[in-house]
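To start, the structure itself, in structure tokens.
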Amino acid sequence: MQRVNLGNTGEQVSALCLGSMWMGTATDKAVSWSLLDRFRQAGGNFIDTANCYAWWAGPQFNGDESENVVGEWMQARGAREEVFLATKVGARPRHPQRLWDRDGNADWERAPSEFEYLSPAAIRSAIEGSLRRLHTETIDLYYVHIDDRSTPQEETLYALDCLVQEGKARYVACSNLRTWRLERARGISVARGWAPFVAIQQEYSYFRPRPGADFGVDLHADDELLDYLRANPEVALVAYSPLLKGIYDDPEKRERFYNWHWFNTADNLARLETLSVMARQLGVSNNQLVLAWLLHHPRPQVIPILGASSLAQMEHNLEALSIRLDPGQMETLDRAG
């Protein structure tokens, strides 16, 4: 697998990042390890987790599960030095058992009231837990998972810089931040000589959400963020949910997708038609072509997070690495809609 630059850090990470959100919950340990093994075998080294994955998989879970699985796998395989390891702080519920209704459904409306957020004390406590679960002494890329408007950014950023100075984190990054909050945070850090955000993790895919789409604490990369990143290549774009739960090939999945109402537009239906025609011409699936489009994205460069629940799905997605798109094909895909 090709390696790409992570912003201007000098770090080389795999062109695809492996997401581990469901590992240890919906995806059991044995399958999770097989996915981690296959990704490593394919040349992947960038692995993404979080200290809250995935409490919402069931009332019996609390958010330790993904980090535990990744940490145990790295320890058992002796793979820590090969892995560029990312995890996150901010969205872990303090009392996840309070976030279930009588029917056994996660209550996402109440979830933000239980988040740990980004105070210095919360950050300090969170990284110690992540280091323990991941069986490591340092996190390569430590994200703030969500925004926290109640804690002054200076306090959060100073706490993150302390972790870098102590060697508990090598680089810091953010996820689900508005562009103005990203710019303000970087301005504060640069002015004070603190470790700045070197990456932003945002939802990004071929479909474009309708104007005014509200995803709650999650944010989809918009034109303003893309413009900012084109002008600031020192900040990398790591794209989560690049396949939007795999909806590009399956009409039934599109209809079941909980956010489809934000994407069900004439613009995206036209983009889907263009995508489907080209996929048939190339002999690939729509999902594979979306990943290829993201991998060929020149400005800003995009590192998609690959999700898989089975080896077959992993193999299917990895085949996107072999798709070659020329400038004309990229222009056709870009201009659709």
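Nothing in this text is a laboratory measurement; each read-out follows from the coordinates by a stated rule. Quick caveat, the model's predicted, so the values are computed rather than measured. All Cβ positions, even for glycine, are placed from backbone atoms using ideal geometry, and neighbour counts span all protein chains on display.
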- [ ] Can you pull the one-decimal nm distance between simple spin-label points at D107 and N5, each 7 Å off the Cα toward Cβ?
- [x] 4.9
Task: For the chain, size of Cβ-based charge dipole, Lys and Arg +1, Asp and Glu -1, in debye - done: 200
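Report the extension gain between V217 and R94 in nm, rounded to one decimal, defined as 0.36 nm multiplied by the number of residues separating them, less their alpha carbon distance.
Length gained between V217 and R94: 42.6 nm.
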Open item on the list: Using the basic label-point model (7 angstrom from Cα toward the beta carbon), what is the K29 to Q41 distance in nanometres?
Closed with: 2.1
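When only Cα pairs under 8 Å and 6 or more residues apart are kept, what is the percent relative contact order across the chain?
About 16 percent, as a whole number.
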Open item on the list: For K88, give me every one of the lysines with a C-alpha distance below 24 angstrom, ignoring sequence neighbours fewer than eight places off in its own chain.
Closed with: K29, K168, K245
Task: Helix 120-134 vs. the chain, principal-axis angle (Cα, 0 to 90°, nearest 10) - done: 70
Task: MRE, 222 nm, helices only [DSSP H, n ≥ 4, -39500 (n - 2.57), over the chain, to nearest 500] - done: -12000 deg cm²/dmol
Task: Projected label distance in nm at R184 and Q165, using a 7 Å step from Cα toward the beta-carbon - done: 2.4
Open item on the list: Against the 2.2 N^0.38 Å scaling, with N counting residues, where does the chain land? I'd like the Cα-based Rg ratio to two decimal places.
Closed with: 0.96
TODO: List H261, H220, H297 from most exposed to least, where exposure is judged by having the fewest other Cβ atoms within 10 Å.
DONE: H261, H297, H220
Task: Test item: Cα-centred dipole of region 90-208, Lys/Arg +1 and Asp/Glu -1 on Cβ, debye - done: 120
